[in-house]
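So the structure is just underneath, and the comments pick up after that.
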Amino acid sequence: MGRKILYILYQPYKWLVFIPFLVINTLLFGIIAVIVSSLINQRIGSYFGGVIWSRLNALLTPVLVTVEGKEHIAANTSYVVIPNHQSYYDIFLIYGWLGLDIKWVMKKELAKIPGLGFGSKKVGHIFIDRSNSKAAMESLHAARQKLVNGTSVVIFPEGTRSRTGQLIPFKRGGFKLAL
């Protein structure tokens, strides 16, 4: 009962404060990521456009984050990160707190979102066409090329979020990339 009341009370804040902030924040940090990636490098652009963006959004939600096991991540080592995708917050948490320079493998439909698509391309994220297996394999090949000098790749093996919150069958691409 208490959770339901908190959920109801949170809705006006979500719609009147957080979502407008998220839209403006995404456009602003997308522009910053493009500029910094073009003038300095993709790693720093990704930090401003991703890490700081994620932490600001989580802070305004508010989400309190505790990371366990981060000591097992070796500096300057590249990883293939294969998390499940249960909510939008997976993106904030992975980008904001994992401490890796990451490139996302994201569905091509996201490239059409103003700010997000252009900014993601400029910082080196990889778009995948899930409806075309040949194009998907080319995207995985592009992801493989990114796995150098401590740059890691994140791919959601489910391919999308589940509407029910239950895990859906994993696709093989991320596991092939890891091998």
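The values are calculated or read from the model by the stated rules, or taken from the named source; none is laboratory data. This one's a predicted model, so the numbers in the text were calculated from it and none came from an experiment. Because the Cβ atoms are built from the backbone with ideal geometry, glycine has one as well, and the counts that use them run over all protein chains shown. For the accessible areas, the whole protein counts, side chains as well, though only heavy atoms, and no ligand, DNA or RNA atoms are used. Shrake-Rupley method; radii C 1.70, N 1.55, O 1.52, S 1.80 Å.
Converting phi to 3J(HN,Hα) with the Karplus coefficients 6.51, -1.76 and 1.60 and the offset θ = phi - 60°, segment 100-108 yields 10, 7, 10, 10, 8, 9, 10, 5, 4 Hz in sequence order, with x at every glycine or proline. A straight Cα-to-Cα reach below 26 Å connects residue 134 with the lysines 103, 107, 108, 112, 121, 122, 146, 171, 176, residues fewer than 8 places away in its own chain not being considered. When the chain is treated as a Gaussian network with alpha carbon springs shorter than 10 Å, the biggest mean-square fluctuation among 11, 86, 145 belongs to 11.
Probe radius 1.4 Å, ligands and nucleic acids ignored: give me the carbon and sulfur share of the accessible area of the chain as a rounded percent.
Carbon and sulfur atoms account for 65 percent of the accessible area of the chain.
The per residue volume of the convex hull around the alpha-carbon atoms of segment 120-174 is 104 Å³. Residue-wise HN-Hα couplings along segment 20-28, as the Karplus relation 6.51 cos²θ - 1.76 cosθ + 1.60 with θ = phi - 60° gives them from phi, are x, 4, 4, 5, 5, 4, 5, 5, 4 Hz; Gly and Pro carry x.
Each residue of segment 64-74 was assigned a 3J(HN,Hα) from its phi angle through the Karplus curve 6.51 cos²θ - 1.76 cosθ + 1.60 (θ = phi - 60°); the sequence is 9, 10, 10, 9, 10, x, 4, 5, 8, 8, 7 Hz, with glycine and proline shown as x. Packing, taken as the mean count of other beta carbons within 10 Å per residue, orders the peptides 87-96, 114-123 from highest to lowest as 114-123, 87-96.
Assuming a viscosity of 0.890 mPa s and a temperature of 25 °C, what translational diffusion coefficient in µm² per second does Stokes-Einstein assign to segment 73-132, Rh being the Kirkwood radius over Cα pairs?
It comes out at roughly 191 µm²/s.
Solvent-free Debye calculation, one equal scatterer per alpha-carbon of segment 20-159: log10 I(q)/I(0) at 0.10, 0.12, 0.21 Å⁻¹ equals -0.32, -0.46, -1.49.
A cut-off of 5 Å between modelled amide H atoms, ignoring neighbours fewer than 5 places along the same chain, links residue 101 with 152. Taking every protein chain into account, the accessible area of the chain amounts to 62 square angstrom per residue (probe 1.4 Å). Of the Cα atoms belonging to segment 20-94, the radius of gyration and Dmax stand at 13.8, 37 Å. Contact order, relative form, for segment 107-179: 21 percent (alpha carbon pairs under 8 Å, 6 or more residues apart, mean separation divided by residue count).
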